[in-house]
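Taking it in order: structure first as structure tokens, then the write-up.
The values are calculated or read from the model by the stated rules, or taken from the named source; none is laboratory data. Predicted model only: the values in this text are computed from it and were never measured. Here the Cβ positions follow ideal geometry from the backbone for every residue, glycine too, while neighbour counts run over all protein chains shown.
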Amino acid sequence: MTSETVIIGGGVIGLAIAIELKLRGTRVTVLCRDFQAAATHAAAGMLAPDAENIPNEAMRSLCWRSRALYADWTRKLEELTGLNTGYRPCGILAPVFEEAEGQEGRGAGGEKLIFSSPSSPAYWLNREAIHQYQPGLGAEVIGGWWYPEDAQVDNKALAHVLWTAAESVGVELKDGITVEAFLQQQGKVVGVQTNAGMISAAHYVLASGAWSNELLPLPVRPRKGQMLSVRIPEFAPELPLKRVLFGQDIYIVPRRDRLVIGATSEDVGFIPDNTPEGIQKLLQAAIRLYPQLKHYPIQEFWWGFRPATPDELPILGTSYCQNLTLATGHYRNGILLAPVTAALIADLILEQKSDPLLADFHYSRFQSKPSTSTPMLTHSANFSNGHRSAISPQHSPVETRLIASLPIEDSPLIIAGKTFKSRLMTGTGKYRSIEEMQQSIAASDCQIVTVAVRRVQTKAPGHEGLAEALDWTKIWMLPNTAGCQTAEEAIRVARLGREMAKLLGQEDNNFVKLEVIPDLKYLLPDPIGTLQAAEQLVKEGFAVLPYINADPMLAKRLEEVGCATVMPLASPIGSGQGLKTTANIQIIIENAGVPVVVDAGIGSPSEAAQAMELGADALLINSAIALSPNPGAMARAMNLATVAGRLAYLAGRMPIKDYASPSSPLTGTITS
Ligand code: FAD
Ligand code: GLY
């Protein structure tokens, strides 16, 4: 029996949604790469909207709503399984060490002025009160806030209960299954490709936590958190801590037999492991807050990856595919937000009921809005001093008109069935500013711009505002797999690139510039990896434009497996050495049945013209433009050179002779 809904990710969010959908009568499958790797296990289990001091109003409401659901939600799970989740409405105490820390934003009487509600009060305790209320605090504690409504759950126990509950209600759970790509047709997901083959359903939910942007170009990044626990020893008074302590960059969560101490917050990607520095910081801060734990035996260290978004809010709700729902990016509060996420997402999928709260968490808040002014087409560079001057909007390229007026026929450049007037492609890398990039692309009159998917994904410098910077209704995006060292990596990034183009409104864009470059010194492409990746991507319906060494045999093989072009390098990427592979490029051109795009190494317009004179169908030039002291002017020059080279190729060159031949004919001269 096929499932109606497939959920990708079996952490707290995926499982909570699965159970909710199943209890409402849907057949559900959860696909999970590695249940144990979920941040769900690594968390502290605090249900702490008040202690976390969440500044965003919508987020606060969402968190409060979820905290209010927790008692019933965990009771239901416990009834289903007969297991304990460790839910404890114990309150959270937030001691402070300095006056300023505590009094900020508070009323004179100690009431919290901001971020509180009648159902979520906060009380200020002075030095005497706090030490009386919680014996054993560090002597430097001068007071603190008491949040009686905050709570905790044993997140490891909860993870086990959720998995068991999902099993018991009949959710199909598949651990060890990695979803590799979404397959889409006309705005619908038609299946997910996994390491165990294709899996299809009527509806899909993305709940893959910190790994979400491996599948979709969503701005979700891992934020590592290190943790440790100490065992409560025999000699300690019975349950020395009765409530969670939440300090500055430190918290201590009391469990039945141990204290959980967390957590670092590190922007280091997916680098695993605990570090001495991380653990030292935690221990130092924990001992300052609650000195007696320095004598407790250390029990365990661990770490996890919070799914963080740029605004620290989750991504919830519909996506650009009608049957794909997003539930990710829960950052520091995924354990807390599980019940409300499950309820809202189930309402959305099953009843098409979109709670007003969801509006603030829609993915589109990160999406590019096609810019109303289109600097690319309404401006060109003024070469005098970087100033811009407006020229006629939507101008047809002067050079195109020029060729059209000549007694010479040219056919347009056609790649994978798509027609382009310009034969110059450019890129977005290495510019000193976004504005320079915009001006240069406009001045180049190019219609295809290549974009490094991984750099956009990681928001590398210069790639942060890329979606907004260019008018993607006019420029055809050529996602490239730069930075990929293996065929597998390149395939994964190509799939992501396709999603990226779709997000920018290019629904039918299946182009990928394939780069497989294991060699980091010379940046030379791996021919075998390139061929392997090309074969796979062609099978998946991509129009593959492979970047290769100028190897005629390889070019032929790539054409045979169905590549849309071949892109031989003129000389190493970014070297500006010009045409060093002329003889081989010539052979490639002679034998190719697909367009030949000379890529990489062209440093000057004369070299661009030369490549076109050889008969190349197009050029891709980035560094020579971006690294020029005046990129706009150089972009224009490259455009003119491309056109000139093409025209010269079409016109045909004069034969080279061994001896001089006078320019003026001698016939008819008067001789004495
Ligand atoms: P995860 O729990 O990470 O689960 C994602 C799952 O998806 C994983 O099992 C992964 O293997 C799977 N997956 C990923 N990619 C794929 C794929 N392509 N195919 C198939 N499966 C895939 N929150 C709180 O509310 N309170 C806290 O006190 C708290 N403390 C925290 C402390 C630390 C140190 C950390 C790291 C997090 C903490 N959090 C806390 C945050 C919370 O843990 C997360 O927000 C929450 O776990 C996110 O849940 P999730 O299901 O979205 O992701
Ligand atoms: N919510 C606690 C943490 O993410 O560390």
Q: Mind listing just one residue for me: the one in the stretch 208-221 that is farther than 16 Å from Ser319 by Cβ and within 9 Å of ligand 1 (Cβ to nearest atom) and, of those, surrounded by the most Cβ atoms within 10 Å (Cβ to Cβ)?
A: Gly209
Q. Hey, among the residues in the stretch 45-66 that are hydrophobic (A, V, I, L, M, F, W, C) and surrounded by 24 or more Cβ atoms within 10 Å (Cβ to Cβ), which one's farthest from ligand 2 (Cβ to nearest atom)?
A. Leu62
Q | Total residues in the stretch 275-294, condition in a loop (DSSP other than H, G, I, E, B) and surrounded by 17 or more Cβ atoms within 10 Å (Cβ to Cβ) | A | 1
Q. Taking the stretch 331-353 only, how many residues are in contact with a Leu (Cβ under 9 Å, 6 or more places away or on another chain), in contact (Cβ under 8 Å) with a residue 40 or more places away in the chain and within 15 Å of ligand 1 (Cβ to nearest atom)?
A. 11
Q: Kindly indicate the residue of the stretch 319-333 that is at pLDDT below 95 and in contact with a helix residue (DSSP H, G or I) (Cβ under 7 Å, 6 or more places away or on another chain) and also nearest to Asp508 (Cα to Cα) among those meeting that condition.
A: Tyr320
(Q) Testing Asp34 on (1) closer than 30 Å to Val179 by Cα; (2) in contact with a helix residue (DSSP H, G or I) (Cβ under 9 Å, 6 or more places away or on another chain); (3) not β-branched (Val, Ile, Thr), one condition comes back false. Which one is that? (A) (2)
Q | Of residues in the stretch 316-338 being closer than 17 Å to Ser61 by Cβ and away from ligand 2 (no atom under 16 Å from the Cβ), the one surrounded by the fewest Cβ atoms within 10 Å (Cβ to Cβ) | A | Gly317
Q.
Please return the ranges of strands (runs of 3 or more DSSP E) entirely within the stretch 159-272 where 3 or more residues are touching a residue at least 12 places away in the same chain (Cβ under 8 Å).
A. 172-175, 179-185, 188-194, 203-206, 221-231, 244-247, 250-254, 258-262
Q) Going by the conditions given, is Ile271 touching a Lys or Arg at 6+ places or on another chain (Cβ under 8 Å) and of a type outside the set (Asp, Glu)? A) yes
(Q) Quick check on the stretch 226-233. Is at least one of its residues touching a Ser or Thr at 6+ places or on another chain (Cβ under 7 Å) and within 12 Å of ligand 1 (Cβ to nearest atom)? (A) yes
Q. Among Ala196, Ala236, Ala181, Ala210, which is within 24 Å of the chain's Cα centre (by Cα) and at pLDDT below 95?
A. Ala181
Q: Could you please find all residues in the stretch 160-184 being hydrophobic (A, V, I, L, M, F, W, C) and within 28 Å of Trp73 (Cβ to Cβ)?
A: Val161, Leu162, Trp163, Ala165, Ala166, Val169, Val171, Leu173, Ile177, Val179
Q.
Condition first: outside any helix (DSSP H, G or I) and surrounded by fewer than 24 Cβ atoms within 10 Å (Cβ to Cβ). Now tell me which residues in the stretch 570-585 satisfy that.
A. Ser571, Pro572, Ile573, Gly574, Ser575, Gly576, Gln577, Gly578, Leu579, Lys580, Thr581
(Q) Of all residues being of a type in the set (D, E, K, R) and either assigned to a strand (DSSP E or B) or free of Cβ contacts under 8 Å to residues at least 24 places away in the same chain (or both) in the stretch 504-525, which is nearest to Gln577 (Cα to Cα)? Just the residue, please. (A) Lys521
**Q.** Index of the failed condition, Tyr70 passing every other in (1) at pLDDT below 95; (2) outside any loop (DSSP other than H, G, I, E, B); (3) hydroxyl-bearing (Ser, Thr, Tyr)
**A.** (1)
Q: Would you point out the residue of the stretch 627-652, among those that are out of contact with any helix residue (DSSP H, G or I) (no Cβ under 7 Å at 6 or more places or on another chain) and in contact (Cβ under 8 Å) with a residue 24 or more places away in the chain, that is nearest to Ile585 (Cα to Cα)?
A: Leu650
Q: Being in contact with a Leu (Cβ under 6 Å, 6 or more places away or on another chain) and among the β-branched types (Val, Ile, Thr) is the filter; apply it to the stretch 181-207 and report the residue that is farthest from ligand 1 (Cβ to nearest atom).
A: Val190
**Q.** When residues of the stretch 29-44 are limited to those that are outside any helix (DSSP H, G or I) and more than 6 Å from ligand 1 (Cβ to nearest atom), the one surrounded by the most Cβ atoms within 10 Å (Cβ to Cβ)
**A.** Val30
